[in-house]
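A.B. asks: For reference, the structure I am asking about is given below.
Read-outs: derived from the displayed coordinates by stated rules, not from any lab. Since the model is a prediction, treat every value here as computed from it, not as a measurement. Because the Cβ atoms are built from the backbone with ideal geometry, glycine has one as well, and the counts that use them run over all protein chains shown.
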Amino acid sequence: MASIKDLLKDILRPSYRSLLAATHAGHECRCNLCGREFASMRPLRGLHADGTSYIIKDGVGSCWKCNSYPRNRALWHWLVNDFKIEEKVDFELLHIAPEQQLADKFLKMPGIRYTAVDKFCPGYKYAKYVKHADVTDLPFQESMFDMIICNHVLEHVKDDSKAMSELHRVLKPNGTAVLMVPIDMDAEHTDEEKPDEELTGDERERRFGQYDHVRMYGRDYFERLENAGFHVEHIGFSADLVKQLALEPKDEVIVAMKK
Ligand SMILES: [Zn+2]
């Protein structure tokens, strides 16, 4: 049962977002998910273990209107312009921990059969179209999906090799998985909790950048995906596009194909 506070938030949020979008309107950058233009994006915020937030970065950030992140806009650009997702027919798409702005687009595409799952946690609300599933034990037959989108999930999962093997199992041969994670490209090796270790939120934040991350991937992330049977490609963006869509300059779409 939703509380009155939650109901009020749901009712007021669209008006608040419209007001924010109008206040920050301009022509310096554009959100390709909602189509609005801004003078600059909303500063990106991180969350501490105690629930308080802090500003990670000014300028390059989330959309004032639809809250898209730079990585969402980067992925949408690639999906539409390079992958041509809008032209697919009878296309089975699995979206894990779905980003709402992307889900809203997929749900409207007649050629896409859309399945969205998340690992349900107490205290969180999930959209009606989302079902519960654990990425290390997916409730699907093998070779079911043409595409899987699973972004910023694996850094939360203790047994990421099991998750990668499950993603590989349910993907069709020659299918495409989009598996973006935070990567420290200066580090050769991943820094992570040991299987029998349980670090505090503060320690995880210090080492991995967020209280509920169990690792910070290094450049060996790609090797891990290859070991799980994927062929990996990185898609970067031009300086012009980085500016237009307010992307993170180092952001890449990481695409893993089932060999
Ligand atoms: Zn937007």
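A.B. asks: Report the Cys residues of the chain lacking a disulfide-compatible partner, meaning no second Cys Cβ under 4.7 Å from their Cβ.
C.D. replies: Result for the chain is C29, C121, C150, no neighbouring Cys Cβ within the cutoff.
A.B. asks: Further, regarding this structure: Mind sorting I55, I183 by how few other Cβ atoms lie within 10 Å of their own Cβ, fewest first?
C.D. replies: I55, I183
A.B. asks: Nearest 20 debye, what's the magnitude of the dipole of region 4-62 about its Cα centre given +1 on Lys and Arg Cβ and -1 on Asp and Glu Cβ?
C.D. replies: Here region 4-62 has a charge dipole of around 80 debye.
A.B. asks: Please report, largest first and rounded to whole Å, the three semi-axes of the ellipsoid equivalent to region 82-217, where each semi-axis is the square root of five times an eigenvalue of the C-alpha gyration tensor.
C.D. replies: Taking √(5λ) for each eigenvalue gives 28, 17, 14 Å, largest first.
A.B. asks: Need one number: convex hull volume per residue for region 150-214, Cα atoms only, in Å³.
C.D. replies: Hull volume over Cα atoms, normalised by residue count, gives 94 Å³.
A.B. asks: Additional query: In terms of Cα to Cα distance under 17 Å, which lysines are near enough to K88, apart from those fewer than 8 places away along the same chain?
C.D. replies: Hits, sequence-local ones excluded: K105, K108, K172.
A.B. asks: Same structure, new question: Computed over the Cα atoms of region 220-259, what is the convex hull's projected area averaged over all directions, in nm²?
C.D. replies: Its average projected convex-hull area is 3.1 nm².
A.B. asks: Tell me the net charge near T52. Cut-off is 13 Å between Cβ atoms, T52 excluded, with +1 for each Lys or Arg and -1 for each Asp or Glu.
C.D. replies: Residues close to T52 contribute a combined charge of -2.
A.B. asks: Please give the charge dipole size of the chain, origin at the Cα centre, charges +1 on K and R Cβ atoms and -1 on D and E Cβ atoms. Round to the nearest 20 debye.
C.D. replies: Taking the Cα centre of the chain as origin, the dipole is about 1280 debye.
A.B. asks: Before anything else, pin down the relative contact order of the chain: Cα pairs under 8 Å, at least 6 apart, normalised by residue count, whole percent.
C.D. replies: For the chain, the relative contact order is 17 percent.
A.B. asks: Between K108 and H231, what FRET efficiency comes out of the Förster formula 1/(1 + (r/R0)^6) with R0 = 22 Å and r the beta carbon distance, rounded to 0.05? Show your work: numbers first, answer last.
C.D. replies: Numbers: r = 31 Å, r/R0 = 1.40.
FRET efficiency, H231 to K108: 0.10.
A.B. asks: Taking 0.36 nm per residue of separation and subtracting the Cα-Cα distance, what length does fully extending L47 through D137 add?
C.D. replies: Residue separation times 0.36 nm, minus the Cα-Cα distance, leaves 29.6 nm.
A.B. asks: Would you kindly state how much longer the chain becomes between S15 and N174 on full extension, computed as 0.36 nm times their sequence separation minus their alpha carbon distance, in nm to one decimal?
C.D. replies: In short, 52.9 nm is gained.
A.B. asks: Over all directions, the average projected area of the alpha-carbon convex hull for the chain comes to how many nm²?
C.D. replies: On the way: hull surface 58.7 nm².
Value for the chain: 14.7 nm².
A.B. asks: How big is the dipole moment of region 47-200 about its Cα centre under a simple scheme where the beta carbon of each Lys and Arg is +1, that of each Asp and Glu is -1, and everything else is neutral? Debye, nearest 20, please.
C.D. replies: Its charge dipole is roughly 1040 debye.
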